[in-house]
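To start, the structure under review is shown below, and the notes come after it.
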């Protein structure tokens, strides 16, 4: 990804400010814990932003090749923590499975979200969360292999500073 970004990455993007939407609607969550964003949540977020998140082929605004960027609030929470808290978070042990102590908010692994990602044909996905999907997955699958092998998309697990509009 860093080689592509040397000269910038340009494309049409769907930006869902899920964190801003949740804050505005009194739905608070800790982005440093497991919190899945369901398809219904993402649809409501898009609607609040004036965006129909369905693919263009189904009457929505998403065109094949669009980028998907989701602001989950992890970066804001990171900058509100003390340096000691940041270091403790960075040093959490990682393991596979629901007992992984490294937990993050992100997209749900429910079938509706998987189908939506497939039907939209995003060229790349990313966000301000260390894991694009809610982690650890509570399902039998993870998005990473699905997106990188099945959709031939670029999964960006790099944390970006995504600011409120």
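General observations
- Enumeration of residues in region 87-106 that are at pLDDT below 90 and surrounded by 13 or more Cβ atoms within 10 Å (Cβ to Cβ): 89, 100, 102, 103, 104
- Selection status of residue 65, in contact with a helix residue (DSSP H, G or I) (Cβ under 7 Å, 6 or more places away or on another chain) and either surrounded by fewer than 19 Cβ atoms within 10 Å (Cβ to Cβ) or more than 16 Å from residue 120 (Cβ to Cβ) (or both): no
- Residue 11 vs. criteria in contact with a strand residue (DSSP E or B) (Cβ under 6 Å, 6 or more places away or on another chain) and surrounded by fewer than 18 Cβ atoms within 10 Å (Cβ to Cβ): yes
- Considered as a group, the residues in region 72-125 that are part of a strand (DSSP E or B) and closer than 17 Å to residue 35 by Cα include one that is farthest from the chain's Cα centre (by Cα), and that residue is 104.
- Yes/no for residue 32 being buried (at least 17 other Cβ atoms within 10 Å of the Cβ) and modelled with pLDDT of 90 or more: no
The values are calculated or read from the model by the stated rules, or taken from the named source; none is laboratory data. Since we're looking at a predicted model, the values are computed, not measured. So basically every Cβ, Gly included, is an ideal-geometry build from the backbone, and we count neighbours across all protein chains shown.
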